[in-house]
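The values are calculated or read from the model by the stated rules, or taken from the named source; none is laboratory data. A quick note: this is a predicted structure, and the numbers were derived from the prediction, not measured. All Cβ positions, glycine included, derive from the backbone under ideal geometry; neighbour counts span all protein chains shown.
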């Protein structure tokens, strides 16, 4: 159990370091945007779990961006890490941007049930939409509804885990 938390803490520290480095690079080019969310994923191997989301967006124009997204879900006996490349399209509606997105990536799940430790890696297809309320020109408050399809095969699971639904709240920082 302690080993799982150490791995999770190391992963979070690596993410924060990479975001700090990327933000210094983004100031020079001013084409990068960043976001972070907190929320939950439902219908995972361990039912509902707390999740953190980190994403970066490289803006090809003012309405279209490409970039990575990382979802970290450190549950009680489940650790699930999802990494995907995401395309986003920004639809401005006054002070709110509606941002549909979709992508392709990989998911790693580690489920510990007593002495049984099962893990699996699978593809994932995340898609959904974000509503981002512009606080000022570069900062937004965001709410994201995310759906993910994957094919995890872990023994002794509680339910079928081919589909997750998540609700996340956070911030977006745009160039």
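Assorted remarks:
- Qualifying residue in segment 143-162 (condition: within 18 Å of residue 71 (Cβ to Cβ), within 20 Å of the chain's Cα centre (by Cα), at pLDDT below 85 and not in a loop (DSSP other than H, G, I, E, B)): no
- Residue pairs whose Cβ atoms lie under 6 Å apart, separated by 6 or more positions or on different chains, with the first residue in segment 119-139 and without any contact (Cβ under 8 Å) to a residue 60 or more places away in the chain and on the phi < 0 side of the Ramachandran plot and the second surrounded by 17 or more Cβ atoms within 10 Å (Cβ to Cβ) and in a loop (DSSP other than H, G, I, E, B), are 120/152; 120/154; 122/152; 138/174.
- Residue within segment 79-89 that is touching a residue at least 60 places away in the same chain (Cβ under 8 Å), within 20 Å of residue 44 (Cβ to Cβ), crowded, with 16+ Cβ neighbours inside 10 Å and out of contact with any strand residue (DSSP E or B) (no Cβ under 7 Å at 6 or more places or on another chain) present: no
- Among the residues listed as 62, 76, the single one being under 14 Å from residue 110 (Cα atoms) and out of contact with any helix residue (DSSP H, G or I) (no Cβ under 9 Å at 6 or more places or on another chain): 76
- Residue check for residue 67: exposed (fewer than 15 other Cβ atoms within 10 Å of the Cβ), under 19 Å from residue 168 (Cβ atoms) and either within 18 Å of the chain's Cα centre (by Cα) or in contact (Cβ under 8 Å) with a residue 12 or more places away in the chain (or both): no
- Residue count for segment 101-122, restricted to those that are surrounded by fewer than 15 Cβ atoms within 10 Å (Cβ to Cβ), part of a strand (DSSP E or B) and more than 19 Å from the chain's Cα centre (by Cα): 3.
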